[in-house]
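First the structure, in the form of structure tokens, and then the observations on it.
The values are calculated or read from the model by the stated rules, or taken from the named source; none is laboratory data. Only a predicted model underlies this, so the values are computations on that prediction, with no experimental measurement involved. Quick reminder, even Gly has a Cβ in these numbers, built from the backbone with ideal geometry, and neighbours come from all protein chains shown. With ligands, DNA and RNA removed, areas are computed over all heavy atoms of the protein, side chains included. Shrake-Rupley method; radii C 1.70, N 1.55, O 1.52, S 1.80 Å.
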Amino acid sequence: MESLEHWLAAFLLLLYIISIVGNALILFIIKEEQSLHQPMYYFLSLLSVNDLGVSFSTLPTVLASMCFHVPETAFDACLAQMFFIHFFSWTESGILLAMSFDRYVAICNPLHYSSVLTDARVAHMGMSIIIRSFCMVFPLPFLLKRLPFCKANVLTHSYCLHPDLIRLPCGDTTINSMYGLFIVISAFGIDSVLILLSYVLILRSVLAIASREERLKTLNTCVSHISAVLIFYVPMISVSMVHRFVKHAPEYVHKFTSLVYLFVPPMLNPIIYSIKTKEIRRRLYKMLSGTKF
């Protein structure tokens, strides 16, 4: 895709700028706006920090290959980048699950919301998500490092992903592939099922509300989270399935699914929450209009 390299570099830089500035603004607004100091927005802060982590994980090699025409990276640096990319992906899945639990408690048990989701419990949930992600991703670099690499070590993307790296060794990668599939199913699979279950319970609770306006108002509080879930899980499942089961697909298919998986969620999440959250929208408007507050 060398003929499109300059346009692609400009496009990716634009996505980086939108993602980094957007998530930094979300964090700043939540910190400054006292009305946003509640569990739902603490989880949103975690999501923004995580999206910044995703962006900064891919930034070095994307800039090096696209802008400075440095097509190579050291093997250990590649393993480190792979670790952080997948660590932040697993963490995002956990944060989205925590956010769905927040919506479930807020809608199905509103009287117990403040007693169930205390600051201490939110902090414990955040630490549990981080520890789980670390434990799952930690073996991946070591499982790869034990294998011999004697082929032309050419990656499909300008960053290192586990499904891409396991195509390169000369040795048997069955363990790597099986472990990768196991953590995808055990983490993403369980998280997605629990998220779906939470929304089944939310929908049942909403349908019990007599007023149509109240039902719509209640469901509207979930739109941002549902959008975040879809823009994360759909590309993630696509890139995993393409690498494992459609190995002979055209190269541009691998590139496109990977770009959507890593670049779209960090860019769209702050936009979605800015549009759908009145307090964030109002604060942004004041900042852009130069109003003192």
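From the set of residues in segment 1-45 that are within 19 Å of Val223 (Cα to Cα) and either at pLDDT below 90 or not in a helix (DSSP H, G or I) (or both), which is most open to solvent (accessible area, probe 1.4 Å)? This residue is Gln38.
Of the residues making up segment 46-66, at least one is farther than 30 Å from Phe149 by Cα and open to solvent by 40 Å² or more (accessible area, probe 1.4 Å). Leu194 fulfils the conditions (1) touching a His at 6+ places or on another chain (Cβ under 8 Å); (2) more than 19 Å from Lys145 (Cβ to Cβ) except for a single criterion, (1). Being surrounded by 19 or more Cβ atoms within 10 Å (Cβ to Cβ), under 29 Å from Phe138 (Cβ atoms) and under 27 Å from the mean Cα position of the chain (by Cα) is true of Ser158. Looking at segment 93-160, the helices (runs of 4 or more DSSP H) lying wholly inside it that each contain 1 or more residues that are of a type outside the set (A, V, I, L, M) and within 29 Å of Ile237 (Cα to Cα) sit at 119-137, 139-145.
Just give me the residues in segment 67-87 being of a type in the set (Val, Ile, Thr) and either open to solvent by 70 Å² or more (accessible area, probe 1.4 Å) or over 24 Å from Ile183 (Cα atoms) (or both), in sequence order. Passing the criteria: Val70, Thr73.
Those helices (runs of 4 or more DSSP H) of segment 172-274 in which at least 3 residues are within 23 Å of Leu59 (Cα to Cα), considering only elements entirely within it, cover 223-245.
Within the span defined as segment 133-149, one or more residues are closer than 30 Å to Pro39 by Cβ and open to solvent by less than 30 Å² (accessible area, probe 1.4 Å).
For Leu168, the conditions (1) aliphatic (A, V, I, L, M); (2) crowded, with 19+ Cβ neighbours inside 10 Å; (3) over 25 Å from Ser93 (Cα atoms) all hold with the exception of (2).
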